[in-house]
Structures are given as structure tokens and as C-alpha cells.
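For reference, the structure is listed below as C-alpha cells.
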Amino acid sequence: MKLRATSQDAAHKDMSPLFIGSEVYRRSAYGRNHPLAIPRVETAVALCRSVGWLEQGMVESPAADFATLTRFHDPDYVAALFEADRAGFVPAEARRRYNIGTLENPVFPGVFERAATAVGGSILAARRALEGRIAYHPAGGTHHARPGGASGFCFLNDPVFAVLTLLDAGLGRVLYVDLDAHHGDGVEDAFAADSHVFTISIHESGRWPGTGLRGDLRQGRARNLPVPPGFNDSEFSFLIDEAVLPLAARFCPEAVVITAGADPLAGDPLSKMDLSNVAVWDAVMKVTATARAAVVLGGGGYNPWTVGRFWAGLWGRIAGYALPACLPDDARALLAGLSCDLIDDEDVDPNWLISLSDPPNPGAIRDDIRSLRDEVLAP
Ligand SMILES: [Zn+2]
């Protein structure tokens with residue numbers, strides 16, 4: 001099925017958007033019994049192919065080399081991660097020091113190549129975005145990784161490299177917007193002392209890693225918007241329109257990097273936010289329009305149905321395709337074949353198996369959300 005492109009979303013860019021991917025993500029990862037041991041990027045890619053949205057193909061992501069990685073990460077950590085992957089073993093000292101080989105950040109075959117490829121993809125995305133197009137790299141968004149170790153399922157911090165690449169090109173104002181359900185702590189910390197970067201994170205309050213508190217401004221270089229469980233579409237679009245976009249207008253970014261994790265969507269087993277994918281697609285499109293150059297990354301997301309549909313539909317929106325009312329048979333068969341240990345069969349929404357779009361989830365805008373808007377806009 002071929003769906004005709006509309007110019008609705010792509011109109012503000014004068015060059016066609018780019019999908020960056022790699023065969024690496026087709027391989028199994030994270031071993032067993034890990035929330036990320038589910039097909040994510042490959043599901044999104046398969047769904048895009050099924051509806052005819054990847055006929056131009058994907059741009060293959062290169063793996064970042066050692067010299068590149070050590071621009072942000074400590075050389076001893078990069079070497080230890082490489083060696084752990086090669087040996088298939090993490091010595092106790094390395095486990096303690098770098099937080100790898102743990103239940104949270106397991107070392108699995110190919111972990112180094114996978115993480116380095118995500119960094120290479122985000123660097124490439126930033127370079128192509130500088131040409132004036134939207135570069136989409138759903139395998140990116142590993143926003144928790146630290147210079148000296150892994151954190152929160154993230155080994156290397158690809159969003160940091162996207163931002164660094166934009167700064168290297170001479171840009172003076174780069175906006176980072178993190179829409180994942182978890183605080184974008186690794187990126188915020190990386191640029192907390194850099195006046196060329198402004199970071200905004202909307203995340204569920206009370207969730208790991210526990211940072212990104214209301215009122216945490218990092219000397220004016222960051223805004224944090226922790227939101228309560230049950231966060232609905234109306235509240236989300238209120239914060240986008242009345243907080244994120246005004247903050248962006250004030251900062252006047254030359255480029256924007258967005259981490260679009262799928263875990264704020266209703267049905268995610270690791271969060272209690274309640275958004276529809278349509279609301280997040282709308283938000284991403286609005287934020288990409290705030291700057292000439294835009295990089296859109298993935299992020300978390302632990303429900304294989306909502307992740308795959310969200311990232312597929314996000315590419316449809318970015319590339320300006322009309323969303324199909326229902327999916328073709330091969331896409332439905334793919335979705336029917338997914339499974340997830342964290343989700344009971346009776347909790348699998350029938351809509352996840354037949355359609356890309358969620359029904360909208362509007363609701364009341366709580367006072368807490370309105371006061372959050374007032375606080376983050378206060379000078
Ligand atoms: Zn997350």
C-alpha cells in the first residue's frame with residue numbers, strides 16, 4: 001500500500017527528511033528478562049515498510065570510533081565496555097566502577113557495536129540536520145549514560161553527541177527537548193555549564209532517576225517539568241503550547257534535538273503517564289518547527305506494540321505521509337506476533353494490533369500543571 005505524501009508537516013523544511021537506521025538493531029540485545037529485550041526499532045522499520053514509507057530507504061548509521069567516543073566518555077570506560085563485549089565477561093572491579101554487567105545494564109554480545117552505532121547515527125543525524133532537513137534516528141535517545149559509566153539501560157550518550165556536533169558546526173544556541181517519561185539527566189548534566197545549550201525535560205515525577213525536580217533551573221540553562229501520573233493529552237499539549245514553545249521562542253534556537261521516548265504513552269509498563277501517540281507526534285512536529293535544523297531521536301519505551309507504532313507513525317508525520325486508517329495484513333500479522341513479559345495478554349489493547357494511531361486521551365488540566373507552566377516561564 002502506498003500512501004501519498006502530504007506537505008502538511010514537511011512544508012517548513014525545504015529538503016526531504018531522513019531516516020537513519022542500522023541492521024545492528026535487528027539483532028537480539030539485552031539478553032533475557034530485561035525490559036529492552038523486545039523488538040523496538042525493527043518493529044517501527046517493518047511497519048514503515050509495510051505502509052510504503054521507506055521506499056527511499058534508510059541511511060545506514062556508521063559506528064563512532066574510539067577517538068570520537070572519548071570526546072564525552074572517559075577513555076577507561078570506553079575501553080572497559082569494548083573489552084567486556086569482546087570477552088563476554090565483566091570483571092567485578094569494572095562492574096562496580098562502570099555500572100556494566102549488572103541486571104540494569106547487562107553486557108550482551110554486540111553491546112559495544114550497538115551503542116557506538118547509536119552514537120554514530122546521532123552524529124550523522126546532526127550533520128544532516130545542519131543541511132536544513134529533519135533527521136530521524138529512532139535508535140538514539142540513550143539519555144542517561146554518563147561520561148564514566150552506564151546508567152538506566154544506556155551505555156553511551158548519543159543525544160550528547162548530537163548536540164556536540166551541532167555546537168562544533170558553530171551554532172550558538174542548541175535546544176534539547178526530552179519527552180521521555182524519565183528525566184533526561186545525562187544530557188542536562190553534560191551541558192549544565194554550557195550557555196549555548198538550553199535543556200527542557202518533561203517527565204513523570206517520582207520516577208527513576210529522581211532528578212529533574214520542579215524548580216531545578218541549572219543556573220537558568222534548564223527547565224524541568226515533572227508531571228503527575230495520569231498525565232493526559234490536554235495537559236501535555238497545554239505544556240507544549242504554553243511552556244515549551246514560549247521557552248523555545250525566548251531562546252531562539254538554531255537547532256533542536258528531541259528525545260522522543262515511547263514510555264510516556266498509555267500502556268507502557270514502566271511509567272504511569274497516559275498519552276496517546278497522536279499527542280506526542282503533534283508535540284514533536286511543533287518542537288521541530290522552532291529551529292532550522294532538527295534531530296529527532298527515540299528513547300525509552302517498554303511496550304513493543306506502543307513503541308513500534310509510535311516510532312513508525314512519527315516517521316510518517318515527519319516525512320509528511322497521511323496516516324492509514326488501518327494497517328495492511330502483514331503489519332497486523334507482525335503486531336499479532338509480538339509478546340511482552342511485562343504485559344498480561346488481557347491488557348493488550350485490540351487497537352494496538354490493527355492501527356497506528358491511538359484514540360486521543362483528552363482530560364482536565366490539573367491546577368498543578370497550570371502552576372508548573374507559570375513556574376517555568378517565570379524569569
Ligand atoms: Zn524513559
About its Cα centre, how strong a charge dipole does the range 261-365 have in debye, to the nearest 20, once Lys and Arg get +1 and Asp and Glu get -1 at the Cβ? 740
Relative contact order %, the chain, counting alpha carbon pairs below 8 Å whose residues are six or more apart: 20
Value of [θ]222 nm, deg cm²/dmol, for the chain, DSSP H segments ≥ 4, -39500 (n - 2.57) each, nearest 500: -10000 deg cm²/dmol
Two pseudo-spin positions, 7 Å from Cα along C-beta at ALA169 and at ASN351, lie apart in nanometres by 3.7
Placing unit charges on C-beta atoms (Lys and Arg positive, Asp and Glu negative, everything else neutral), compute the dipole magnitude of the range 166-229 about its Cα centre in debye, rounded to 20. 240
Chain lengthening between ASP216 and ALA364 when straightened (0.36 nm per residue, less Cα-Cα): 50.7 nm
Please say if the chain is rounded, prolate or oblate, where rounded means a/c under 1.5 for a ≥ b ≥ c the square roots of the C-alpha gyration tensor eigenvalues, and otherwise the choice is prolate for a/b larger than b/c and oblate otherwise? rounded
Label-point separation (nm) for SER339 and SER28, each offset 7 Å from Cα along Cα-to-Cβ? 1.2
What is the magnitude of the charge dipole of the range 96-161 about its Cα centre, with +1 placed on the Cβ of each Lys and Arg, -1 on the Cβ of each Asp and Glu, and no other charges, expressed in debye to the nearest 20? 120
Solvent-accessible area per residue for the chain (1.4 angstrom probe, square angstrom): 39
Dipole-positive endmost among ILE134, ASN105, CYS154 within the range 73-182 (Cβ charges, Cα centre): ILE134
Carbon plus sulfur, as percent of the 1.4 Å-probe accessible area of the chain, comes to 53
Just how far, in whole angstrom, is the range 218-279 from the range 308-372 if you go by their alpha carbon centroids? 18
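The values are calculated or read from the model by the stated rules, or taken from the named source; none is laboratory data. Computed from a predicted structure; not experimentally measured. Don't worry about glycine lacking a Cβ; one is built from the backbone with ideal geometry, like all the others, and counts go over all protein chains shown. Each accessible area value is taken on the protein alone, full model and side chains, heavy atoms only, with ligands, DNA and RNA left out. Shrake-Rupley method; radii C 1.70, N 1.55, O 1.52, S 1.80 Å.
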